[in-house]
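These notes are about the structure you will find just below.
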Amino acid sequence: MVDSLFILTCFFGKFYVSQKVHSKKCWVISTQLWVKYGLTQQLEEHNIAFSATLGNRGDVGPFNTNFPLVYQKVFLNAGSCYNTGTGIFTAPVKGVYFFSLSGHNKTSKPMALRLFKNGEPMTGVYNHPLTDAGIRYESLSTSITLMLEKGDQVFVHLLANAWVFDNNDNLTLFTGHLVFPL
């Protein structure tokens with residue numbers, strides 16, 4: 001059991017740390033101030049995180065052009081910023097965000113995934129097919145930290161003439177979360 005703690009309070013964008021608090025009464029007063037000034041809603045707006053996989057789809061591709069991937073099996077969508085109909089994450093607030101993506105495929109087929117911010121390529125993964133290696137699978141992943149403005153969109157495309165694979169093991173993922181607001 002904790003016999004003392006520090007209280008962090010924010011007024012008009014500035015954070016203040018109180019001295020050690022020895023009673024629950026001070027904690028209640030601080031919580032009431034957060035509610036009074038609407039700061040609890042502000043904190044809830046910053047609970048942004050998602051993680052989704054293609055699901056049990058088997059091979060996806062190839063297509064003649066870049067193909068937007070829609071990750072339909074969602075593990076987490078805190079803040080509801082990931083759209084399961086389009087595969088697009090839309091930033092609800094300006095801030096620094098972390099994203100990762102992974103892909104799984106047979107070595108005999110090319111795999112190429114690219115992460116975009118507002119239509120501009122940011123990062124991706126690619127494997128060259130190995131026809132003499134027999135049939136085996138490989139996984140690739142990448143991650144990136146981006147500064148986003150409110151309304152910016154992040155999404156993943158399967159590049160033209162490439163394949164990706166997923167099954168019940170959830171091997172092809174798209175994940176992101178807000179690191180901190182700006």
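Quick one: in segment 40-57, which of the residues that are modelled with pLDDT of 90 or more and open to solvent by 20 Å² or more (accessible area, probe 1.4 Å) is nearest to residue 102 (Cα to Cα)?
First, the residues of segment 40-57 that are modelled with pLDDT of 90 or more: 47-57.
Of the ones still in play, those that are also open to solvent by 20 Å² or more (accessible area, probe 1.4 Å) are 47, 49, 51, 56-57.
Working: 47: 23, 49: 17, 51: 11, 56: 15, 57: 15 Å.
Only one residue tops the list, namely 51.
If residue 63 passes every condition in (1) open to solvent by 10 Å² or more (accessible area, probe 1.4 Å); (2) farther than 18 Å from residue 141 by Cα; (3) of a type in the set (Phe, Trp, Tyr); (4) part of a strand (DSSP E or B) but one, which one does it miss?
Among (1) open to solvent by 10 Å² or more (accessible area, probe 1.4 Å); (2) farther than 18 Å from residue 141 by Cα; (3) of a type in the set (Phe, Trp, Tyr); (4) part of a strand (DSSP E or B), residue 63 violates only (4).
Has segment 122-133 got any residue that is at pLDDT 95 or above and part of a loop (DSSP other than H, G, I, E, B)?
no
If residue 138 satisfies every condition in (1) at pLDDT below 95; (2) under 18 Å from residue 172 (Cβ atoms); (3) not in a strand (DSSP E or B) but one, which is the exception?
Residue 138 satisfies all of (1) at pLDDT below 95; (2) under 18 Å from residue 172 (Cβ atoms); (3) not in a strand (DSSP E or B) except (3).
State yes or no: is residue 177 open to solvent by 40 Å² or more (accessible area, probe 1.4 Å) and at pLDDT below 95?
Values: open to solvent by 40 Å² or more (accessible area, probe 1.4 Å): yes; at pLDDT below 95: no.
Judged against the criteria, residue 177 is not a match.
Quick check on my filter: what residues within segment 134-158 are among the aliphatic types (A, V, I, L, M) and open to solvent by 40 Å² or more (accessible area, probe 1.4 Å)?
As a first pass, look at segment 134-158 and keep what is among the aliphatic types (A, V, I, L, M): 135, 140, 144, 146-148, 154, 156, 158.
135, 140, 147 - these are the residues of segment 134-158 that are among the aliphatic types (A, V, I, L, M) and open to solvent by 40 Å² or more (accessible area, probe 1.4 Å).
With 83, 118, 167, 161 as the choices, which residue is touching a Pro at 6+ places or on another chain (Cβ under 6 Å) and surrounded by fewer than 18 Cβ atoms within 10 Å (Cβ to Cβ)?
Details: 83 fails: touching a Pro at 6+ places or on another chain (Cβ under 6 Å); 118 fails: touching a Pro at 6+ places or on another chain (Cβ under 6 Å); 167 fails: touching a Pro at 6+ places or on another chain (Cβ under 6 Å).
Sole residue among the options that is touching a Pro at 6+ places or on another chain (Cβ under 6 Å) and surrounded by fewer than 18 Cβ atoms within 10 Å (Cβ to Cβ): 161.
Which pairs have Cβ atoms under 6 Å, sit 6 or more apart or on different chains, and link a residue in segment 162-182 that is under 18 Å from residue 138 (Cβ atoms) to one that is polar (S, T, N, Q) and surrounded by fewer than 21 Cβ atoms within 10 Å (Cβ to Cβ)?
Partner pairs satisfying both residue conditions: 167/56; 173/102.
Kindly provide the set of residues from segment 124-133 that are β-branched (Val, Ile, Thr) and open to solvent by 30 Å² or more (accessible area, probe 1.4 Å), ordered by number. Quick ask: steps written out before the conclusion?
Restricting attention to segment 124-133, the residues satisfying the condition of being β-branched (Val, Ile, Thr) are 125, 131.
Hit for segment 124-133 is 131, nothing else.
Could you tell me whether segment 67-81 includes any residue that is more than 17 Å from the chain's Cα centre (by Cα) and within 11 Å of residue 162 (Cα to Cα)?
So in segment 67-81, the residues more than 17 Å from the chain's Cα centre (by Cα) come out as 67.
This time we only want the ones that are within 11 Å of residue 162 (Cα to Cα), so: 67.
Within segment 67-81, one or more residues are more than 17 Å from the chain's Cα centre (by Cα) and within 11 Å of residue 162 (Cα to Cα).
How many residues does segment 152-168 contain that are within 22 Å of residue 117 (Cα to Cα), among the hydrophobic types (A, V, I, L, M, F, W, C) and part of a strand (DSSP E or B)?
5
Take segment 88-109 and flag every residue that is open to solvent by 30 Å² or more (accessible area, probe 1.4 Å) and not in a strand (DSSP E or B). Even if it seems obvious, please write down each step before you answer.
Taking segment 88-109 and keeping what is open to solvent by 30 Å² or more (accessible area, probe 1.4 Å), we get 88, 90, 92, 94, 98, 100, 106, 108-109.
Once the filter is applied, which keeps residues that are open to solvent by 30 Å² or more (accessible area, probe 1.4 Å) and not in a strand (DSSP E or B), segment 88-109 yields 92, 94, 108, 109.
The values are calculated or read from the model by the stated rules, or taken from the named source; none is laboratory data. Since this is a predicted model, take the numbers as computed values, not measurements. We place every Cβ from the backbone using ideal geometry, glycine too, and count neighbours over all the protein chains shown. Accessible surface is based on the protein model in full, side chains and every heavy atom, while ligands, DNA and RNA are left aside. Shrake-Rupley method; radii C 1.70, N 1.55, O 1.52, S 1.80 Å.
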